[in-house]
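Structure, as structure tokens:
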Amino acid sequence: MDWKCVVNLENLEFETREFNTRETRGLKYEIAPTACAESIGAKKLGFNVGTIKPGEFSCPYHFHYSEEELFIILEGKAMLRMNDNYREVKKGDMVFCSATPEGAHQFYNHTNEVCKYFALSNKNDEFEVAEYPDSKKIMVRKVKKVFETKSEVDYYKGEENLAAFWPKEFLRK
């Protein structure tokens with residue numbers, strides 16, 4: 001047995017990935033490939049361990065129509081924006097995001113330390129649609145396209161100024 005189904009969270013190595021396939025906008029995310037669902041062989045669950053560097057956002061503000069998500073903060077702290085409300089989350093906190101507009105979420109690392117989290121979701125590649133309220137887009141996973149109204153748009157369109165959607169007192173100076 002190769003034991004790829006067992007991963008020690010203390011020994012993870014992270015790599016930077018760009019989820020934007022058309023053009024780089026400076027938004028990059030760090031994940032540990034050995035702790036990703038695909039590398040372990042999961043078919044019905046999506047999961048990964050990621051980090052958010054100081055002064056960075058986890059992803060564009062979004063919610064899913066068919067996938068629920070669960071986040072567990074493993075190290076550090078971050079500000080959570082959820083359904084346009086804000087609160088600090090810290091090591092040990094678990095955050096559930098429903099597959100509804102009320103489950104819209106985004107993390108921002110307002111500290112000087114890295115925030116590490118575990119993300120888990122049910123996987124629904126066939127029917128998954130995500131909506132991005134700030135930039136008024138939807139993403140259809142099956143066709144791997146992002147749309148604005150009736151036109152396909154870049155994934156990060158309208159996400160260039162993420163700080164504009166956050167109260168200034170939460171952002172690092």
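Test S58 against the criterion of being closer than 24 Å to I138 by Cβ, modelled with pLDDT of 95 or more and either surrounded by 14 or more Cβ atoms within 10 Å (Cβ to Cβ) or under 15 Å from the mean Cα position of the chain (by Cα) (or both), and give yes or no. No, not satisfied.
Could you please give the count of residues in the range 120-144 that are acidic (D, E) and surrounded by 15 or more Cβ atoms within 10 Å (Cβ to Cβ)?
Going through the range 120-144 one residue at a time, the tally reaches 3.
Within the range 16-55, being closer than 20 Å to L120 by Cα, among the charged types (D, E, K, R), in a loop (DSSP other than H, G, I, E, B) and modelled with pLDDT under 85 holds for E18, K28. Right, F147: surrounded by fewer than 17 Cβ atoms within 10 Å (Cβ to Cβ), closer than 18 Å to G46 by Cβ and aromatic (F, W, Y) or not? Considered against the rule, which asks whether it is surrounded by fewer than 17 Cβ atoms within 10 Å (Cβ to Cβ), closer than 18 Å to G46 by Cβ and aromatic (F, W, Y), F147 comes out as no. Of the residues making up the range 94-119, just one is surrounded by fewer than 16 Cβ atoms within 10 Å (Cβ to Cβ), among the charged types (D, E, K, R) and more than 18 Å from Y61 (Cα to Cα), namely E113.
Sub-8 Å Cβ pairs linking a first residue in the range 157-173 that is over 15 Å from L80 (Cα atoms) to a second residue that is of a type in the set (K, R) and surrounded by 12 or more Cβ atoms within 10 Å (Cβ to Cβ), at least 6 apart or interchain, are K157/K137; G158/K136; G158/K137; E159/R25; E160/R25, ordered by first then second residue. Pairing each residue of the range 82-106 that is over 19 Å from P133 (Cβ atoms) with any residue that is part of a strand (DSSP E or B) and hydroxyl-bearing (S, T, Y), provided the two are 6+ apart or on different chains, yields C-beta distances under 9 Å for V89/Y117.
The values are calculated or read from the model by the stated rules, or taken from the named source; none is laboratory data. Predicted model, so just to flag it, every value in this text is computed and none were measured. Positions of Cβ are generated from backbone atoms using ideal geometry, with glycine treated the same way; all protein chains shown enter the neighbour counts.
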